[in-house]
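Colleague: Have a look at this one.
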Amino acid sequence: MKKLMMMTATAALLLTGCAQSKKAQQTGEAVDNDSTATVLLTREISPDALVKIYKALGVEATGRVAVKMSTGEGSNPNFLKPELIKGLIAEVDGTIVECNTAYGNAPKDKQDERTTSENHWRVIERHGFTPTFRVDIMDEEGDMKIPVQDSTHLKYDIVGTHMQNYDFMIALNHFKGHPMGGYGGALKNLSIGCGSQNGKAYIHSAGKMEVLDMSKLWTPKYIGDQDGFLESMAAAAQAVVNYFEKKNGIIYISVMNNMSIDCDCVDHPEPVKLEDYGILASTDPVALDQACIDIINQQKVTATNDPTDLLNRIDKQHGVHTIEHAAKIGLGKRKYTLVEIDK
């Protein structure tokens, strides 16, 4: 089993993660060894723990609060459940925000797909998010372009027009694997997750397709540049972060439970082979994703806990490159201090 990253120190209450890969060193990526991001951790996964770690961050969600999360593909059981998130949503008076999907091969059962707003709303209701919460499909009435700081592949980011209705965002991420990105965490939730259907096509094609054409998108011409796709995700994530940092702000919370090698967007995911771990939070999305990756690397194979498939998926898709590029373009830091708030 290949270890993708490693931790440099372990203490009773603090873990310091060293996130400098060989590739980053070879390309001359600057690292400030005196500066680390802070990532909070609770090993408890519960509604109260979710509220507790939000409060521990010390950043108040103000104004009109968007909680960006996946409400899950129709037949996928692994998404973050309404009963888990209800306390946090109430605490911040938030609205769950989503965007429609852009699949080349939609689920056989149209009741399970989210490629149209009509069907997406059915899935949202079936998964129990309405009428308990306010939910908004941000690209239901079209999309808009927001600036990118990194123009390596993208000229802009394409998001749902409803994003402009919010002042603050909580990126509430379910950490797990992903068929194309290797893993799904904060950076994916900010990029693909906030992208409209056109935005998703633009990111997946590394800037080659600006208007979704599902008959062409999933061909080698458009998805042949894997690293370009991963770098585009980092750039799009940064665009969303910059957008909300100019308003009231943005924070990131990742739940490590029900961790299949497949994303919540997969209709019938592979079985979960990892035990639930906990909830992490940070004001730095790069450090947060790096911490989650490091935790998976530290897992030992037992009868009930096996990280092998997920690590192989991340390695096969070069998933850590999203983190590498995000750090390179200044979105966040890969070096972090992990603080357990349970003790």
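The values are calculated or read from the model by the stated rules, or taken from the named source; none is laboratory data. Bear in mind the structure is a predicted one, so any value in this text is a computation, not a measurement. In this analysis, Cβ positions are derived from the backbone assuming ideal geometry, glycine residues included, and neighbour counts consider all displayed protein chains. Areas reflect the complete protein model, heavy atoms only, side chains present, ligands, DNA and RNA absent. Shrake-Rupley method; radii C 1.70, N 1.55, O 1.52, S 1.80 Å.
Colleague: Do you know which of the residues in the range 112-141 that are in a loop (DSSP other than H, G, I, E, B) and of a type in the set (Phe, Trp, Tyr) is nearest to LYS200 (Cα to Cα)? First the steps, then the outcome.
Modeller: Quick first cut of the range 112-141, residues in a loop (DSSP other than H, G, I, E, B) only: 113-116, 127-134, 138-141.
Keeping just the survivors that are of a type in the set (Phe, Trp, Tyr) gives 129, 133.
Values: PHE129: 23, PHE133: 25 Å.
The qualifying residue nearest to LYS200 (Cα to Cα) is PHE129.
Colleague: Could you grab me the full set of residues in the range 245-255 that are touching a residue at least 24 places away in the same chain (Cβ under 8 Å) and part of a loop (DSSP other than H, G, I, E, B)?
Modeller: Step one: filter the range 245-255 for residues touching a residue at least 24 places away in the same chain (Cβ under 8 Å), giving 247-255.
Result: LYS247, ASN248.
Colleague: From the list ASN258, ASN242, which residue is of a type outside the set (Phe, Trp, Tyr), in contact with a Lys or Arg (Cβ under 9 Å, 6 or more places away or on another chain) and either surrounded by fewer than 24 Cβ atoms within 10 Å (Cβ to Cβ) or part of a loop (DSSP other than H, G, I, E, B) (or both)?
Modeller: Details: ASN242 fails: in contact with a Lys or Arg (Cβ under 9 Å, 6 or more places away or on another chain).
Residue meeting the stated conditions: ASN258.
Colleague: Let me ask something else. Just give me the residues in the range 213-239 being over 21 Å from the mean Cα position of the chain (by Cα) and assigned to a loop (DSSP other than H, G, I, E, B), in sequence order. Explain how you work it out, then say what you get.
Modeller: Within the range 213-239, the first condition is being over 21 Å from the mean Cα position of the chain (by Cα), and the residues that meet it are 213-222, 224.
Matches in the range 213-239: ASP213, TRP218, THR219, GLY224.
Colleague: Hey, another quick one. Need the failing condition index for THR283 against (1) surrounded by 19 or more Cβ atoms within 10 Å (Cβ to Cβ); (2) out of contact with any Leu (no Cβ under 6 Å at 6 or more places or on another chain), just the number.
Modeller: Result: THR283 passes all but (1).
Colleague: Something else: Among (1) open to solvent by 10 Å² or more (accessible area, probe 1.4 Å); (2) outside any helix (DSSP H, G or I), there is one condition CYS263 misses while meeting the rest; what is its number?
Modeller: (1)
Colleague: Right, next: Considering only the range 298-308, I want to know if a residue exists there that is acidic (Asp, Glu), closer than 27 Å to HIS153 by Cα and open to solvent by 10 Å² or more (accessible area, probe 1.4 Å).
Modeller: To start, the set of residues in the range 298-308 that are acidic (Asp, Glu) comprises 306.
Cutting the leftovers down to closer than 27 Å to HIS153 by Cα gives us none.
No: the range 298-308 contains no residue that is acidic (Asp, Glu), closer than 27 Å to HIS153 by Cα and open to solvent by 10 Å² or more (accessible area, probe 1.4 Å).
Colleague: From LYS208, LYS200, which residue is at pLDDT 95 or above and either assigned to a helix (DSSP H, G or I) or closer than 17 Å to VAL286 by Cα (or both)?
Modeller: LYS200
To keep it simple, each residue is scored yes or no on (1) in contact (Cβ under 8 Å) with a residue 60 or more places away in the chain; (2) hydroxyl-bearing (Ser, Thr, Tyr); (3) out of contact with any Leu (no Cβ under 6 Å at 6 or more places or on another chain).
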position: THR38; (1), (2), (3): yes, yes, yes
position: ASP48; (1), (2), (3): no, no, yes
position: LEU57; (1), (2), (3): yes, no, yes
position: GLY63; (1), (2), (3): yes, no, yes
position: ALA66; (1), (2), (3): yes, no, yes
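Colleague: Further question: Do we have any residue at all in the range 331-341 that's in contact with a Lys or Arg (Cβ under 9 Å, 6 or more places away or on another chain), of a type in the set (Gly, Ala, Ser) and more than 19 Å from ILE85 (Cβ to Cβ)?
Modeller: Initial filter on the range 331-341 (in contact with a Lys or Arg (Cβ under 9 Å, 6 or more places away or on another chain)): 340-341.
In the following step, the residues that additionally are of a type in the set (Gly, Ala, Ser) were identified as none.
Within the range 331-341 (the criterion being in contact with a Lys or Arg (Cβ under 9 Å, 6 or more places away or on another chain), of a type in the set (Gly, Ala, Ser) and more than 19 Å from ILE85 (Cβ to Cβ)), the answer is no, since none of the residues qualifies.
Colleague: What's the total number of residues in the range 68-84 that are surrounded by 24 or more Cβ atoms within 10 Å (Cβ to Cβ) and not in a loop (DSSP other than H, G, I, E, B)?
Modeller: 1
Colleague: Can you tell me which residue is surrounded by the most Cβ atoms within 10 Å (Cβ to Cβ) among those in the range 114-169 that are free of Cβ contacts under 8 Å to residues at least 40 places away in the same chain and among the polar types (S, T, N, Q)?
Modeller: ASN119
Colleague: Determine which member of the set MET144, MET169 is more than 20 Å from the chain's Cα centre (by Cα), over 20 Å from PRO269 (Cα atoms), assigned to a strand (DSSP E or B) and of a type outside the set (S, T, N, Q). Show your work before the answer.
Modeller: Working: MET169 fails: more than 20 Å from the chain's Cα centre (by Cα).
Only one candidate qualifies: MET144.
Colleague: Looking only at the range 222-234, decide whether some residue is free of Cβ contacts under 8 Å to residues at least 12 places away in the same chain and small (Gly, Ala, Ser). First the steps, then the outcome.
Modeller: Going residue by residue through the range 222-234, those that are free of Cβ contacts under 8 Å to residues at least 12 places away in the same chain are 224.
Then keep just the ones that are small (Gly, Ala, Ser); that gives 224.
Within the range 222-234, one or more residues are free of Cβ contacts under 8 Å to residues at least 12 places away in the same chain and small (Gly, Ala, Ser).
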